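Report on the structure given below.
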Amino acid sequence: MATVATEVRRRRKERGMSAQELADACAEIGHPIPRNVIANMESRRRSILPLVDVIVLAEALGTHPALLIYPLGHVRQVQRLPLQHPTPTWDAMSWFAGESDSGLDAALVKAFRAKGRQEIIAFNAWNDMRSHHDDARRATDPARREEAERNADQAIKRLKTAAAHVRTARSQIQRILGPTVSLPPDVEALTADIPDGKDSI
C-alpha cells in the first residue's frame, strides 16, 4: 500500500497533475476516485486500496498497474508479499507477471506472450508485403519494380515464419488449457492472402 501510494504521488507530480485533476481523469475513465480518497491514500491515512482503483489510477497516470505496485527503476527492493523481507523489484515484478516460476501457469504466460509478439510481427510483415506489392504495380522503372518485388518476397518470408511461430504457440496453449478451450483465430487469413508468385503482383 505504501509503495503504491508513493508511486501514485510521484507520477502525479511528474505529470504536473493536482489531486483533483487525477480524480477528474479517473472519472473520465468511468471509475470515479474522489480527490479526498487520493489525498488520504497518498498521506497513508487510507489503509485499503481496491485492485480496481490501482488499475484506474495507472491508466489515468499513463502507466501500467504492475508498475505502481513494483516501480521498476525507482525502488530497488520491495516486499513481494506483505510482511516479507524486501526482494529486488524486478524479481517481484517477474513473479507478479507469471514469468519467474516454473510449471504450467508460467508456461501459459510465456506461450501467450510469444503468440502476441509473433502476431504483431506477422501483421507488420503483411502490411509491408501489401505496400511493396503496390510499389511494384506502380513502378514504371524495371529496376524499381524488381526491388519492390524483392522487398515483398522478404516480407512474405517474415510473415510465413511468424505465422509458424504463432501456430506453435497456439499448440502449446491448447495443450495446457485443453482441447475444449477455444482460441481466437490466428494469422491463417493473412497467409492465405499471399500471392503465389511474382506474376500475381
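The values are calculated or read from the model by the stated rules, or taken from the named source; none is laboratory data. This structure is a prediction, so every number in the text was calculated from the model and none was measured. These accessible areas exclude ligands, DNA and RNA; they are computed on the full protein's heavy atoms, side chains included. Shrake-Rupley method; radii C 1.70, N 1.55, O 1.52, S 1.80 Å.
The helix-only estimate of mean residue ellipticity at 222 nm for the chain, built from DSSP H runs of length n ≥ 4 each weighted as -39500 (n - 2.57), is -21000 deg cm²/dmol after division by the residue total. Rounded, prolate or oblate: which fits region 1-141, taking a ≥ b ≥ c as square roots of the Cα gyration tensor eigenvalues, rounded meaning a/c under 1.5, else prolate when a/b beats b/c? It is oblate, given that a/c is not under 1.5 and a/b is not larger than b/c. The portion of the accessible surface of the chain made up by carbon and sulfur, rounded to a whole percent, is 52 (1.4 Å probe; DNA, RNA and ligands excluded). Computed from Cα positions, the angle between helix 19-29 and the longest principal axis of the chain comes to roughly 40 degrees. Just the accessible area per residue of region 1-133, please: how many Å² with a 1.4 Å probe? Accessible area per residue, region 1-133: 59 Å². Helix 142-177 and the longest principal axis of the Cα set of the chain meet at an angle near 50°.
Suppose accessible area is computed on protein heavy atoms with a 1.4 Å probe; arrange 149, 99, 14 from highest to lowest. Walk me through the numbers before you get to the answer.
Working: 149 20, 99 60, 14 125 Å².
The ranking, largest first, comes out as 14, 99, 149.
Note on the chain: Lys pairs 8 or more places apart or on different chains, Cα atoms under 29 Å apart, count 6.
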